[in-house]
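Student: Pasting in a structure now, in structure tokens, and then I'll have a few things to ask.
The values are calculated or read from the model by the stated rules, or taken from the named source; none is laboratory data. Computed from a predicted structure; not experimentally measured. Note that we place each Cβ from the backbone using ideal geometry, even for glycine, and neighbour counts take in every protein chain shown.
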Amino acid sequence: MSSANEPLVQIEDPSRRDALRSIALAVTLVAGGQMKLEAAQHVHARARDEKKKTGSYAPKLFNDHEFKTLGRLAELIIPADTVSGSARDAGAPEFIDLLASQNEDLAAVFTGGLSWLDAEMRTRYSVSFVGATAEQQTAMLDSLVEAEQTKRARAALGQTYEASEHYRDFRSYGTYGAPGLGPGVAFFGWMRKMAVDAFYTSEIGIKDVDFRGNATLSEFEVPKAAIDHALKHSPFAG
Amino acid sequence: MPQVRRSPEEHEVVVVGSGAGGGSAIQVLTEKGIKVTLLEAGPMLDPAKEFKEHMWPYDVDHRGAEEGGAAYFGRGKSFGYFTTTSGGWQLEGEPYTVGEGSEFQWFRSRIIGGRTNHYGRMSFRFSDYDFKPYDRDGLGTNWPISYEDIAPYYDKAELFIGVTGTKEGIRSAPDGIFQQAPPPKAHEILIKKACDRLGIPCIPNRRAVITRELNGRPACHYCGQCGRGCLTASNYSSSQVQIFPAMKTGKLKIIDMAMAREVLTDGSGKVVGVSYIDKRTRQEKRVRCRAVILTASACESARILLNSKSKHFPNGLANGSGVVGRFLMDTVGFGLSGQVPALEGLPHYNSDGIGGAHLYMPWWLWDKHNQIGFPRGYHIEIGGGYGMPGIGSFHGQARRFGYGMRLKEGVRREYGTTVGFAGRGEMIPNNHSYCEIDPNVVDKWGIPVLRFHFKWTDYEWKQARHMERTFAEIIETMGGKVTGLSAAEREKEGISVPGTIIHEVGTVRMGNDPRTSAVNGFCQAHEAKNLFVCDGGPFVSNPDKNPTLTINALTWRSCDFLAEEMRKGNV
């Protein structure tokens, strides 16, 4: 079969699929079944390099103002810091635009939500969300998060409006829901969830959390430093 | 009426379905030189084209959320875009119904290899006592076979498939012939310490993964992505480990996209073949053969038998006793997770491993039932480590940490610090849990569909509460805090939805007495010598061991028997 130094995977112009197929083929061809690590890693590196860099993106669903607002929200949700970029850098607006352009329900969540957000900002500050100061923007998001967490804390205790003695007493609704902010809470839930997903499924985000896997190893080992750290900080120390 | 095409060809053995049972039947019979024809309701599997092993989420624009964000609306691929599942809880045009007051979900695959392409690969032997449950607590029914009958076939199956593990000498988890087990991950070392304190055995996991080369299959390369399908076939799936190799023998003929309708009998009541719908042409076709092995999955095989009505078999084939469809069992499931501060700040490492946990906890209270207040037991599966981030990985943190640097830093701090526990326990068969033919509904192929009825009883609920207390104790003993379900939510969601553990078995029960069972200890129908059922159907009980390895072993034993009967001219 093949000698030890012979490269097992030779690819002229591989698509990812072809590359993986070559790995599979190479592996099944090797006597003794030992995979050549360099070969496999080479293929993975090639697949990554071939990922097209996003140049200027033309939104499929949102208008420029909406798209800009999504970008601002994304970088407020996961901001850039000294370690890594923001959710905007990680392609969150493009991710949301792509999926919402394929799904009317999702499109309605975002176009409706963005419009609600601007209307609320105009009521509060006479300015749209992107036109507002950073302090005004974070004040808005803080009030949404507070309303959301109050609502969730009550729900966890079984204190929902529907379960309360005030059910059907519409004057009490404000005590249980988020007065006036309900649509904003729902929209922000979607916005944050998708911005977080876009960030942590990007190369930037995967590097940010320092995920080390998706590799090809010949043996599995756990570093002693990791075990020592866990034991030292656990109730089993000493 | 569609025109029925009769194939003039005479087949030797027809196998219906290609999962663990079908794959094992094909492997064992073709090795003996017996010709097998496989009917599979789905298409051929092409791993090189279909497996998404080693892909990053950003390799696709939707990152795994699927077109239109289907995953966000619960309409995505079951178990995620990157997994290799084919099928799901609902199949287009192939419905099932659920009786009033019941809840049941049925996962079906339609592809060569069936559910073995994506299953969890936990490979546990039943214990000696698992075969005689009635003798121990007066509940359920004994199997007609014992551990000694099946043990040699566990050996064969483990040797052929490859299962990790270590010799432990624990009665609830008999030792097998094992591949070398990988070392425990950092969080698992803490879990084991906690279990040591609590008196719970925590031992190397037994998974159908090879850590050393076996029969030309290369060793695992520790990417942890078994669920995506393994391009190097370093884990067990019937497609890659049994069926593809059998295709090279010239003894296997595969008819894919073939939806079995019924088993055919002649005027004397002898099984003569199988009728199926060719899904590509919607024509009904027939194969004639010497013997039939149903390995379509417990409920699908029951459905085929119940639909095989004739003058001789007015209740359906192999159903003179009326037990076909009865004694439907799933596994009792409950899960709890916790956040463990000792894991914060750990130097990150590649924790992918063999996919799934490297340790597990077998049942430990088999002689303490008078103290725990419920019969039978469960094993515990472990989750944790630095998983590849995907859609939904950090939704919990997103809800708790608001937004901004607090969120970003919160995710960094907590990533990889969560551990999860899943209990997998034994259900007692009951009279309220069964499937039958729905008299009013057919699928798009015109075949009458199943209607499910299901109830958990106090036995299962008590067991689930024991799981909950145990998992909370383990989490707290490690210095962690239970996360996830609130007390209010637990009351509603304190036990798995029936069917969702995908261990449904028992619907074509084996036994010595034809009045109370459908097949004998060799999975051979009492009513037809040349008809076998080799999936979870013949299970008499559903011990706290995932069923696949036992299906492999039972099938091997049945096929040895069938081959011998064919040689003697009895079949």
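Student: Regarding residue B:568, is this residue assigned by TED's automatic domain parsing to the domain that holds residue B:30 and in contact with a strand residue (DSSP E or B) (Cβ under 9 Å, 6 or more places away or on another chain)? Please lay out each step first, then the result.
Tutor: Working: assigned by TED's automatic domain parsing to the domain that holds residue B:30: yes; in contact with a strand residue (DSSP E or B) (Cβ under 9 Å, 6 or more places away or on another chain): no.
For residue B:568, the condition - assigned by TED's automatic domain parsing to the domain that holds residue B:30 and in contact with a strand residue (DSSP E or B) (Cβ under 9 Å, 6 or more places away or on another chain) - is not met.
Student: Same structure again: For the range B:240-253, give me the residue count where each residue is buried (at least 24 other Cβ atoms within 10 Å of the Cβ) and more than 14 Å from residue B:216 (Cα to Cα). Before you say what the answer is, go through the steps one by one.
Tutor: Residues of the range B:240-253 buried (at least 24 other Cβ atoms within 10 Å of the Cβ): B:240-243.
From what is left, the residues that are more than 14 Å from residue B:216 (Cα to Cα) are B:243.
Within the range B:240-253, residues that are buried (at least 24 other Cβ atoms within 10 Å of the Cβ) and more than 14 Å from residue B:216 (Cα to Cα) number 1.
Student: Being within 14 Å of another protein chain (Cβ to nearest Cβ), at pLDDT below 95 and farther than 22 Å from residue B:276 by Cβ narrows it down to one of B:64, B:76, so name that one.
Tutor: Working: B:64 fails: at pLDDT below 95.
Matching residue, one of B:64, B:76: B:76.
Student: Looking only at the range B:146-191, which residues are surrounded by fewer than 20 Cβ atoms within 10 Å (Cβ to Cβ), within 13 Å of chain A (Cβ to nearest Cβ) and in contact (Cβ under 8 Å) with a residue 40 or more places away in the chain?
Tutor: Within the range B:146-191, B:183 is the sole residue that qualifies.
Student: Check off (1) hydroxyl-bearing (Ser, Thr, Tyr); (2) under 18 Å from the mean Cα position of the chain (by Cα); (3) within 30 Å of residue B:456 (Cα to Cα) for residue B:84 and give me the number that stays unchecked.
Tutor: (3)
Student: Answer yes if at least one residue in the range B:58-76 is touching a Pro at 6+ places or on another chain (Cβ under 7 Å) and of a type in the set (Val, Ile, Thr), and no otherwise. Spell out the reasoning first.
Tutor: From the range B:58-76, those touching a Pro at 6+ places or on another chain (Cβ under 7 Å) are B:63-64; that's our starting set.
Narrowing further to those that are of a type in the set (Val, Ile, Thr): none.
No.
Student: Sticking with this structure for a sec: How many residues, within the range B:221-232, are facing chain A (nearest Cβ under 8 Å) and touching a residue at least 24 places away in the same chain (Cβ under 8 Å)?
Tutor: Filtering the range B:221-232 down to residues facing chain A (nearest Cβ under 8 Å) leaves B:221-225, B:231-232.
From the residues that got through so far, the ones that are touching a residue at least 24 places away in the same chain (Cβ under 8 Å) too are B:222-225, B:231.
Going through the range B:221-232 one residue at a time, the tally reaches 5.
Student: Related question: Within the bounds of the range B:488-504, is there any residue that is touching a Pro at 6+ places or on another chain (Cβ under 7 Å), buried (at least 19 other Cβ atoms within 10 Å of the Cβ) and at pLDDT 95 or above? Lay out the reasoning, then the answer.
Tutor: Initial filter on the range B:488-504 (touching a Pro at 6+ places or on another chain (Cβ under 7 Å)): B:503.
Keeping just the survivors that are buried (at least 19 other Cβ atoms within 10 Å of the Cβ) gives B:503.
Add one more test, that the residue is at pLDDT 95 or above, and what stays is B:503.
Yes, the range B:488-504 contains at least one residue that is touching a Pro at 6+ places or on another chain (Cβ under 7 Å), buried (at least 19 other Cβ atoms within 10 Å of the Cβ) and at pLDDT 95 or above.
Student: Can you name every one of the helices (runs of 4 or more DSSP H) wholly within the range B:98-216 that holds 1 or more residues which are within 24 Å of residue B:27 (Cα to Cα) and out of contact with any helix residue (DSSP H, G or I) (no Cβ under 7 Å at 6 or more places or on another chain)? It would help to see each step written out before you state the result.
Tutor: Working: elements: B:133-137, B:147-161, B:186-198.
Answer list for the range B:98-216: B:147-161.
Student: Moving to a separate point now. Which pairs turn up if I take residues in the range A:75-87 that are at the interface with chain B (Cβ under 9 Å from one of its Cβ atoms) and surrounded by fewer than 20 Cβ atoms within 10 Å (Cβ to Cβ) and look for partners that are at pLDDT 95 or above and assigned to a loop (DSSP other than H, G, I, E, B) with beta carbon separation below 8 Å, at least 6 apart in sequence or on another chain?
Tutor: Listed by first residue and then by second, the contacts come to A:79/A:86; A:79/B:404.
Student: Let me ask you something else. Considering each residue of the range B:19-54, count those that are within 14 Å of chain A (Cβ to nearest Cβ), in contact (Cβ under 8 Å) with a residue 40 or more places away in the chain and on the phi < 0 side of the Ramachandran plot, and give that number.
Tutor: Initially, the range B:19-54 is screened for residues within 14 Å of chain A (Cβ to nearest Cβ), giving B:45-54.
Next, from what is left, pick out any that are in contact (Cβ under 8 Å) with a residue 40 or more places away in the chain: B:45, B:47-48, B:50-54.
Keeping just the survivors that are on the phi < 0 side of the Ramachandran plot gives B:45, B:47-48, B:50-53.
The total comes to 7.
Student: Which one of B:322, B:356, B:335 is modelled with pLDDT under 95 and either within 14 Å of chain A (Cβ to nearest Cβ) or in a loop (DSSP other than H, G, I, E, B) (or both)?
Tutor: Working: B:322 fails: modelled with pLDDT under 95; B:335 fails: either within 14 Å of chain A (Cβ to nearest Cβ) or in a loop (DSSP other than H, G, I, E, B) (or both).
None of the other options fit; the residue is B:356.
Student: Also: Across the range A:88-105, what is the total count of residues that are of a type outside the set (Asp, Glu), in contact (Cβ under 8 Å) with a residue 40 or more places away in the chain and surrounded by fewer than 21 Cβ atoms within 10 Å (Cβ to Cβ)? Break it down into steps so the answer makes sense when it comes.
Tutor: Start the filter on the range A:88-105 by keeping residues that are of a type outside the set (Asp, Glu), which leaves A:88, A:90-93, A:95-96, A:98-103.
From what is left, the residues that are in contact (Cβ under 8 Å) with a residue 40 or more places away in the chain are A:90-92, A:95-96, A:99, A:101.
Now drop any that are not surrounded by fewer than 21 Cβ atoms within 10 Å (Cβ to Cβ), which leaves A:101.
Total satisfying the criteria: 1.
Student: Continuing with the same structure: Considering only residues that are within 12 Å of another protein chain (Cβ to nearest Cβ) and either out of contact with any helix residue (DSSP H, G or I) (no Cβ under 7 Å at 6 or more places or on another chain) or part of a loop (DSSP other than H, G, I, E, B) (or both), which ones fall in the range A:106-137? Spell out the reasoning first.
Tutor: Step one: of the range A:106-137, the residues within 12 Å of another protein chain (Cβ to nearest Cβ) are A:106-107, A:109-110, A:134, A:137.
Once the filter is applied, which keeps residues that are within 12 Å of another protein chain (Cβ to nearest Cβ) and either out of contact with any helix residue (DSSP H, G or I) (no Cβ under 7 Å at 6 or more places or on another chain) or part of a loop (DSSP other than H, G, I, E, B) (or both), the range A:106-137 yields only A:134.
Student: Okay, next question. Give the range B:515-566 a look and list any residue that's assigned to a loop (DSSP other than H, G, I, E, B), within 18 Å of residue B:149 (Cα to Cα) and in contact (Cβ under 8 Å) with a residue 40 or more places away in the chain, or say none. First the steps, then the outcome.
Tutor: If we filter the range B:515-566 for residues that are assigned to a loop (DSSP other than H, G, I, E, B), which is where we start, we get B:515-518, B:520-523, B:526-530, B:534-541, B:543-547.
When the remaining residues are screened for being within 18 Å of residue B:149 (Cα to Cα), the result is B:520-523, B:534-536, B:538-541, B:543, B:545, B:547.
Passing the criteria: B:520, B:521, B:522, B:534, B:535, B:536, B:539, B:540, B:541, B:543, B:545, B:547.
Student: Ok, one more. Name every residue in the range A:199-238 that is within 7 Å of chain B (Cβ to nearest Cβ) and small (Gly, Ala, Ser), in order of residue number.
Tutor: Within the range A:199-238, A:202, A:205, A:213, A:215, A:225, A:226, A:230, A:234 qualify.
Student: How many of the residues in the range B:52-89 are surrounded by fewer than 20 Cβ atoms within 10 Å (Cβ to Cβ), of a type in the set (A, V, I, L, M, F, W, C) and not in a loop (DSSP other than H, G, I, E, B)?
Tutor: Residues in the range B:52-89 being surrounded by fewer than 20 Cβ atoms within 10 Å (Cβ to Cβ), of a type in the set (A, V, I, L, M, F, W, C) and not in a loop (DSSP other than H, G, I, E, B): 2 in total.
Student: I've got another one for you. Where in the range B:367-453 are the helices (runs of 4 or more DSSP H), entirely inside, with at least 3 residues that are within 14 Å of chain A (Cβ to nearest Cβ) and crowded, with 17+ Cβ neighbours inside 10 Å? Steps first, please.
Tutor: Values: elements: B:369-372, B:395-401, B:405-414.
In the range B:367-453, B:395-401, B:405-414 are the helices (runs of 4 or more DSSP H) which contain 3 or more residues that are within 14 Å of chain A (Cβ to nearest Cβ) and crowded, with 17+ Cβ neighbours inside 10 Å.
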